[in-house]
Structure formats: structure tokens, C-alpha cells
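Worksheet: one structure, shown below.
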Amino acid sequence: MDEITISRAITQSYFNEFLDYLDVDVAIVGAGPSGLAAAYYLARTGRKVVIFERKLSIGGGMWGGGMMFNRIVVQSEAKCILDEFDIRYQEFQPGYFVADSVEAVSTMCSKTVKSGARIFNLITVEDVMIRENDLITGLVLNWSAVDLAKLHVDPLTMRSKYVIDATGHAAEVCNIVVRKVGKKLSTSTGGIDGEKPMWAEVAEREIMNYTKEVCPGLFVTGMAANAVFGLPRMGPIFGGMLLSGKKVAELIAEKLG
Ligand code: 48F
């Protein structure tokens, strides 16, 4: 057993893939439910898709269910996505399906990776790359450890035909764009309209209308869409996240042709 061979296997395999994914069709920021669903459905169309996730763990806010009770609720409209991923559920009351969040995250993660999407965890997106007319053309990456330790280390950059902001409540990519490029989003103010208080029904309905291209080259999905467009939050009902991820995949697949 040679430790150096083990080290070579890890570094060589990792960096071969990292190099390959520096130029992709779609780069997704955040591996929560919306980012995973977007990656899965895009990868299944044969596109080259990568997710960058800041944390060690995949799954974003889905692991914790509601208030750390590890169950999620999904409405009838999104049951087809649970079926697609083969996530088991029970009908609690007509129209309300409850699933184990651990099974939901681990199954989505596994199927997304096996569909061909690549997930790089422990990497934080700290900026975007732009070209003429403020077209978003890629992401600026750094190790999350660098960010956490506040080290003065320059990042690296990757290119992507389209970027998806799937960073949840913080809508981090859109916030970066507004801060650095100006109020040029397709919102009422051009900036981040800001998330509104809890109203699950409106939030789950409207998220589908606001899952879209928010400025050239940048799409928004999941809770980030609600935050950017001033919609209410919805709490631990996850159908909107899954449907929004699927919708953004369809919108981008259509653009890619
Ligand atoms: O928060 P998150 O799960 O986003 P989502 O897919 O789902 C929202 C629900 O979990 C829940 C809800 C549902 O009703 O309201 O909150 O919209 O996942 C977002 C992921 O993005 C990562 C973050 O660590 C999380 O795993 N993330 C955020 N900012 C960055 C990032 C960044 N700058 N770089 C890389 N990853």
C-alpha cells in the first residue's frame, strides 16, 4: 500500500476533472434542491453541467426539513419529480405528500451525479465574469476555506454559456451583479426586490413565473428567484424548488438548442 499512489490518484483525478469543467454549457451556483434539479434535467439533455457548492455537504436547506424535523412536504404538482427521482413519500392529506429529507437529498445527489452533472463542493463563487453589454460569461471561484479564513488569495475563473443562481435566500450571484454592474436585473427596481414574509401558496405559485433569465446569461431559480423578485417565502414545502429547477433547465435547454 503506497500512500504516494493514493495521493497521486486523488490529485490527478480531481484536477483532470476540474480542468475539464473550466469551460461548460451551464454553471450552477448552489447544490440545494433547485440547483440539483436544474443540473439533473440539464445533464439528461446531454449538456455539460457543473455545480459549485460552498459547503462540504450537498442539499442546502433540504436536509433540515422543517425546524430540524427531517421531513419535507411536496404538493401534488411536484409529485412527478419525486417519482422521477424515485424518492418515496406518503400522502399525509389529499394534496400533501411527505418524504424523508435524508432520502430526498441523498437520492437527488446520487441521480444528479449519475446523470452526468459534476458537483464541486467546498468552492465558493465570489464573482462573475462579464463581457460586452454586461453579458455574464462565467464564474470566479475560490476555496471556501480561503473565504472562511479571510486569506488574501486570488481566485480562478471558469467559462459558461449560462449561469444559474441557485444560492437560496441570499441570491448571492444576483447580489454580486447588482453590486458590481449596477441595477440592471429584470426586476421592478433593477435591483434585488427582497424576500417577503411567509405565504406558501403565493410563493409556490409565483416562483414558476419568476424562474427566468434575470440579466443576459444569468438565470435565477429556487428561493433566489423569490428573493430577487420580491416574492414571499414558503418554508418547508419543497415542490416549488423542484419545479423551479426543472423549469430553469427547460428554459436553458431551449436556448442551447
Ligand atoms: O438554500 P438552498 O437549499 O436553496 P434552494 O435550492 O432551496 C431553498 C430551500 O432549501 C429552503 C426553502 C424551501 O422552501 O425556502 O430554504 O433555493 O441551497 C443553496 C445552496 O447554495 C450554496 C449554499 O451553501 C446552499 O447549499 N451557496 C450559497 N452561496 C454560494 C453557494 C456561493 N457564493 N458559492 C457556492 N455555493
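Where is the GNM fluctuation largest for the chain (alpha-carbon springs, 10 angstrom cutoff): M67, M158, M129? Maximum fluctuation in the GNM of the chain, among the listed residues, is at M67. Just need log10 I(q)/I(0) for the stretch 142-197 at q = 0.20, 0.26 Å⁻¹, Debye formula, equal scatterers on the alpha-carbon atoms, no solvent, rounded to two decimals. Here the Debye-derived log intensity ratios amount to -0.95, -1.16. Bridges between two residues of the stretch 124-257, per DSSP, are antiparallel at a rate of about 75%.
If the only charges are +1 at each Lys and Arg Cβ and -1 at each Asp and Glu Cβ, what is the size of the charge dipole of the stretch 1-49 around the Cα centre, to the nearest 20 debye? Could you put the intermediate results ahead of the total?
On the way: 4 positive and 6 negative charges, 57 e Å.
So the dipole magnitude of the stretch 1-49 works out to roughly 280 debye.
The slack between V153 and R131, meaning 0.36 nm per residue of separation minus the straight C-alpha distance, is 5.6 nm. Look at the dipole of the chain built from charges on Cβ: of Y14, G32, G240, the Cα furthest out on the positive end belongs to G240. Converting the Cα gyration tensor eigenvalues of the stretch 1-100 into ellipsoid dimensions via √(5λ) gives semi-axes, longest first, of 34, 18, 12 Å. Put simply, the Cα atoms of the stretch 171-257 extend 33, 33, 18 Å along their principal axes, the longest span coming first. The Rg/Rh ratio for the stretch 40-158, using Cα coordinates for both the radius of gyration and the Kirkwood hydrodynamic radius, is 1.07. According to the calculation over all Cα-Cα pairs in the chain, the P(r) per 5 Å bin from zero is 1, 6, 14, 18, 19, 17, 12, 7, 3, 2, 1, 0, 0 %. Taking the charge dipole of the chain about its Cα centre, with +1 at Lys and Arg Cβ atoms and -1 at Asp and Glu Cβ atoms, the residue from F69, L218, S186 reaching farthest to the positive side is S186. Residues whose amide H lies under 5 Å from that of N121, counting only those 5 or more places away or on a different chain, are E53; hydrogens are built 1.01 Å from N in the peptide plane.
Leaving out ligands, DNA and RNA, what percent of the accessible area of the stretch 105-201 is carbon and sulfur, probe 1.4 Å?
Working: 3000 of 5340 Å².
Summing carbon and sulfur atoms, their accessible area is 56 percent of the total for the stretch 105-201.
Gyration tensor analysis over the Cα atoms of the stretch 89-227 returns equivalent ellipsoid semi-axes of 29, 22, 14 Å (largest first, whole Å).
Quick one: Cα convex hull volume of the stretch 209-257, Å³ per residue? Present the calculation step by step, with values, prior to reporting the outcome.
Details: hull volume 2.9 nm³, N = 49.
So the per-residue Cα hull volume is 60 Å³.
DSSP assigns beta bridges within the chain; of those with both partners inside it, close to 55 percent run antiparallel.
Could you calculate the contour length gain from V146 to S186, that is, 0.36 nm times the residue separation minus the distance between their Cα atoms, to one decimal place in nm?
Details: separation 40, 0.36 × 40 = 14.40 nm, distance 3.25 nm.
Gain on stretching V146 to S186: 11.2 nm.
Placing R0 at 30 angstrom, the Cβ-Cβ distance between S57 and L256 gives a FRET efficiency of 0.50 after rounding to 0.05. For the stretch 45-152, a simple Cβ point-charge model (Lys and Arg +1, Asp and Glu -1, everything else neutral) yields a dipole of about 300 debye relative to the Cα centre.
How large is the accessible surface per residue of the chain, computed with a 1.4 Å probe and reported in Å² as a whole number? List each step's numbers first, then the result.
Values: 12790 Å² over 257 residues.
Per residue, the chain has 50 Å² of solvent-accessible surface.
Between K150, K114, K180, where does the largest GNM mean-square fluctuation fall for the chain, given springs only between Cα atoms within less than 10 Å? Of the options given, K150 has the highest mean-square fluctuation.
Quote the FRET efficiency, to the nearest 0.05, computed for S76 versus R179 with a Förster distance R0 of 35 Å and r equal to the Cβ-Cβ distance. Mind showing how you got there, number by number?
On the way: r = 39 Å, r/R0 = 1.12.
Computed FRET efficiency for S76 and R179: 0.35.
Distance from the C-alpha centroid of the stretch 171-203 to that of the stretch 122-153: 19 Å, rounded to the whole angstrom. A simple charge model with +1 on the Cβ of Lys and Arg, -1 on the Cβ of Asp and Glu and nothing else charged puts the dipole of the chain at about 280 debye relative to its Cα centre.
The values are calculated or read from the model by the stated rules, or taken from the named source; none is laboratory data. Since the structure is predicted, the reported quantities are computational estimates derived from the model, not experimental observations. A quick note on method: Cβ atoms are made from the backbone with ideal geometry, for glycine too, and the neighbour counts reach across all protein chains shown. Keep in mind that these areas ignore ligands, DNA and RNA; they rest on the heavy atoms of the full protein, side chains included. Shrake-Rupley method; radii C 1.70, N 1.55, O 1.52, S 1.80 Å.
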